[in-house]
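The values are calculated or read from the model by the stated rules, or taken from the named source; none is laboratory data. Source: prediction; values computed, not measured. Neighbour counts are summed over all protein chains in view; Cβ atoms, including those assigned to glycine, are modelled from backbone coordinates with ideal geometry. Heavy atoms of the whole protein, side chains included, go into the accessibility calculation; ligands, DNA and RNA do not. Shrake-Rupley method; radii C 1.70, N 1.55, O 1.52, S 1.80 Å.
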Amino acid sequence: MAVEYQTGLKPVDISIESKTGEQMDLSSSTLSIDYFEDILEPVVSMQITLNGSYNLVSELPIVGGEKVNVELELASGTFEKLMYVIKASSGDFQRQTGAVILHLTSRYSLINEGNRCTKRYSETTTVDKHVKEILKNKLLVPDDRIHVEQSSNTYGFIGNMRKPLQVCQWLCPKGISAWGVSGVSGKVGTTSGKAKGTAGFFFYENADGFHFRSIDSLVSDTRIQDN
């Protein structure tokens, strides 16, 4: 999902806050905004392209981790997101010319870098409950931003010092949808050897929060177009 600034969106607030608390308005120097959601990525991301009328990197300065507040007025309503700088690219910073691109990420991506899953997760607990526990206790995600679909199988594992988002993605193919078992294995035309596996789950963040959704449920309402 990409939001282009040039398409007539009205900026309400585009500002950046340095690590020392200094704030700077970026609304007048913003050329475009690209906002990305991907079911194959655990967190949302954003890129803001600024004109090169001044050297933002050295003037603020930008070192990474700065807060960037983006509030836009869209035809469908207000879009508001608090993001964090991970790097700045492009532009000739010495000559102070050319565009500067701020690469932004979700705050949970930064929290993820400083956390590890270290304990043993019980083999009597379902996969969806493991994901909920990691999101709440390791990434401090509020309950209203956790949307986890129930899985039917239990699974035990050891964290092995892996990052929380990495563990949640690792659990995706290990979950069995509560929608039920589908398909059969074995010889064609027989009912023996019914499959117990499914297509697995997706783990991703969007504007509503974090989602752990089975592929079975995501495609359950799809229809084949009639020719």
Be a star and scan the range 149-175 for residues whose amide nitrogen sits under 16 Å from the point 7 Å along the Cα-to-Cβ vector of Arg120. 155-161
Can you pull the one-decimal nm distance between simple spin-label points at Lys87 and Ser58, each 7 Å off the Cα toward Cβ? 2.1 nm
Listed residues Val148, Val85 arranged by accessible area, highest first, probe 1.4 Å: Val148, Val85
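How do His147, His211, His130 stack up against each other in accessible area, from largest to smallest, with a 1.4 angstrom probe? Numbers along the way, then the final one.
Working: His147 65, His211 25, His130 0 Å².
Output order, biggest surface exposure first: His147, His211, His130.
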If each part is reduced to its alpha-carbon centroid, the range 137-161 and the range 9-51 end up apart, in Å, by 29 Å
Efficiency of FRET from Cβ geometry, Trp170 and Lys136, R₀ 22 Å, rounded to 0.05: 0.75
Compare Arg162, Arg120, Arg213 by solvent-accessible area with a 1.4 Å probe and give them largest first, with all protein chains kept in place. Arg120, Arg213, Arg162
Points 7 angstrom from Cα along the Cβ direction at Asp144 and Thr78: gap in nanometres? 1.4 nm
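Which length gain, in nm to one decimal place, applies between Leu31 and Asp13 when the Cα-Cα distance is subtracted from 0.36 nm times their residue separation?
Details: separation 18, 0.36 × 18 = 6.48 nm, distance 1.40 nm.
Fully extending the segment from Leu31 to Asp13 adds 5.1 nm.
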Among the listed pairs Lys19/Lys163; Lys67/Lys163; Lys138/Lys174; Lys81/Lys136; Lys19/Lys129; Lys81/Lys119, which have their C-alpha atoms separated by more than 30 angstrom in this model? Lys19/Lys129; Lys81/Lys119
